[in-house]
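Undergrad: Before I ask anything, here is the structure I am working with.
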Amino acid sequence: MRATAWWNLPRYAPLAYAIERERPGPEPLLLSNFADTSRMLLHRIETRWDRARFALRNRVGMASKPIVVPYRGYGDTRELWCKGRVIENKGIIAAPHSDSILENIWQTLKRYDSDEIPGAELSWRFGEMSGSVVTDEEGYFDLTFHPGGELSRGAPWQRLRVHLLSARGRDMNPIEAEVCIRTPSKNAAIGVISDIDDTIVETGAYDFLKHWRTVVANSAESRQVFPGVPSLYSALAAGSEGPQTNPVFYVSSSPWNLFDLFERFMILHDIPLGPMLLKDFGLTETKWLTGGHDGHKTAMIEAIFARYPDLSFVLVGDSGQRDALIYAKIAENHPGRVAAVFIREVADTAKGDHMVRMRETLDRLAIPFATGSHLGGAAEIAHTQGWISQDQLNAVQRSVSREQAKE
């Protein structure tokens, strides 16, 4: 079962109506058909090129062995969801850290030029439950199922085993992987939904050139974590049942190709792990290289809200893109579900119209929020709300002070 992209079409209705009145006839339909036909044609060309390229590489012995890349899923007693991908193993995930810019550029190019394996057959097992799944044209597999009585109640993570049985056109031995699925405690007080780029890790996503210079020339080890992030996120995740009482989710418009790099970064900096809901960058018959930023984030946040209807969430993002507007709209459309909003101010974007509109909306809804270049103000709100202790607040403030002293 694949995730469905939702598009906010109504806002384009006035423009479409004006076009029809100004130029009656089939022109808009013809333009739409031309775009759809072009996309389908390019997709078919790409598919045939991929097949021909693999056949040639396989014939000369250059095709790499397959690997299963499991992504973290989430769910509850009613339903569990998880996702993963089968690609050729180019040694990227296990690549050691290098200070060489050229080496990091080479590794990043290989990461984005992933050779997915469509039609791969996998079996899965969860307790006594089992089944099978086949990867789609981009190499992804997607599972949604009812856990029945197999759920490890009280455990923050459920474990599902997958076995890669066959990969089209490749000789291989079965490969096993473990998929982790987050199941929050019934005693969770809040949840956290966080952006990644320029929220927990500096990437310059708001600036195209800076962003790609950072992405291409840096490994997980050389990326910078923002001050206070590990301390505050760990404090928000902790609760009556230990350090993973409250769930943390990461929603980003970055591609799935960066999943392992982000997770490695989080492990290195002691940032709580959680499901990451990223995007598929690729051409299909129904979309171009990528869908919209706003639509993706909104859809993913609303899916999390729907899965945990009794939980309110802290939304964390940055001012560099459109997080402020997205979060404000989410708060308006889902009364009582947004507990607080924390926005890290980036460069010259802090005073933009989107930030002004967010402040007005959250003030009207009486939702606490904090903005600033660091998370000190966010930690103070979290302490006031009773989500973190005085000691945890002090730890965040010490982390921020240490970084400010270096500047």
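The values are calculated or read from the model by the stated rules, or taken from the named source; none is laboratory data. The shown structure was predicted, so the numbers you read here are calculated from the model rather than taken from an experiment. Here the Cβ is made from the backbone with ideal geometry for all residues, glycine too, and neighbour counts use every protein chain on show.
So that you can scan it fast, the table gives a plain yes or no per residue for (1) in a strand (DSSP E or B); (2) at pLDDT 90 or above; (3) over 18 Å from the mean Cα position of the chain (by Cα); (4) assigned by TED's automatic domain parsing to the domain that holds residue 385:
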| residue | (1), (2), (3), (4) |
| --- | --- |
| 199 | no, yes, no, yes |
| 206 | no, no, no, yes |
| 210 | no, no, yes, yes |
| 213 | no, no, yes, yes |
| 219 | no, no, yes, yes |
| 222 | no, no, yes, yes |
| 227 | no, no, yes, yes |
| 232 | no, yes, yes, yes |
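Undergrad: Right, here's the next one. Mind counting the residues in the range 249-280 that are out of contact with any Pro (no Cβ under 8 Å at 6 or more places or on another chain) and in a helix (DSSP H, G or I)?
TA: 12
Undergrad: For the range 171-188, give me each residue that is within 23 Å of the chain's Cα centre (by Cα), over 18 Å from residue 83 (Cβ atoms) and of a type in the set (A, V, I, L, M, F, W, C). Walk me through how you get there before you give the answer.
TA: Pass one, the range 171-188, residues within 23 Å of the chain's Cα centre (by Cα): 177-185, 188.
From what is left, the residues that are over 18 Å from residue 83 (Cβ atoms) are 184-185, 188.
188, the sole residue that qualifies.
Undergrad: Checking residue 375 against (1) of a type outside the set (Val, Ile, Thr); (2) surrounded by 19 or more Cβ atoms within 10 Å (Cβ to Cβ); (3) more than 14 Å from residue 192 (Cβ to Cβ), which test does it fail?
TA: (3)
Undergrad: Looking at the range 176-193 only, could you name the residues that are assigned to a loop (DSSP other than H, G, I, E, B) and of a type in the set (A, V, I, L, M)? I'd like the intermediate steps shown before the answer.
TA: So the first thing to find is which residues in the range 176-193 are assigned to a loop (DSSP other than H, G, I, E, B), and the list is 183-190.
Matches in the range 176-193: 188, 189, 190.
Undergrad: Determine whether the range 111-128 contains at least one residue that is free of Cβ contacts under 8 Å to residues at least 12 places away in the same chain, more than 30 Å from residue 375 (Cβ to Cβ) and not charged (D, E, K, R). Spell out the reasoning first.
TA: Of the range 111-128, the ones free of Cβ contacts under 8 Å to residues at least 12 places away in the same chain are 113.
Now narrow it down to the ones that are more than 30 Å from residue 375 (Cβ to Cβ): 113.
Narrowing the set further to residues that are not charged (D, E, K, R) leaves none.
Scanning the range 111-128 turns up no residue that is free of Cβ contacts under 8 Å to residues at least 12 places away in the same chain, more than 30 Å from residue 375 (Cβ to Cβ) and not charged (D, E, K, R).
Undergrad: Follow-up. Do we have any residue at all in the range 318-327 that's more than 19 Å from the chain's Cα centre (by Cα) and not charged (D, E, K, R)? If you could, list the steps in order and put the result at the bottom.
TA: Taking the range 318-327 as the starting set, the residues that turn out to be more than 19 Å from the chain's Cα centre (by Cα) are none.
No, every residue in the range 318-327 fails to be more than 19 Å from the chain's Cα centre (by Cα) and not charged (D, E, K, R).
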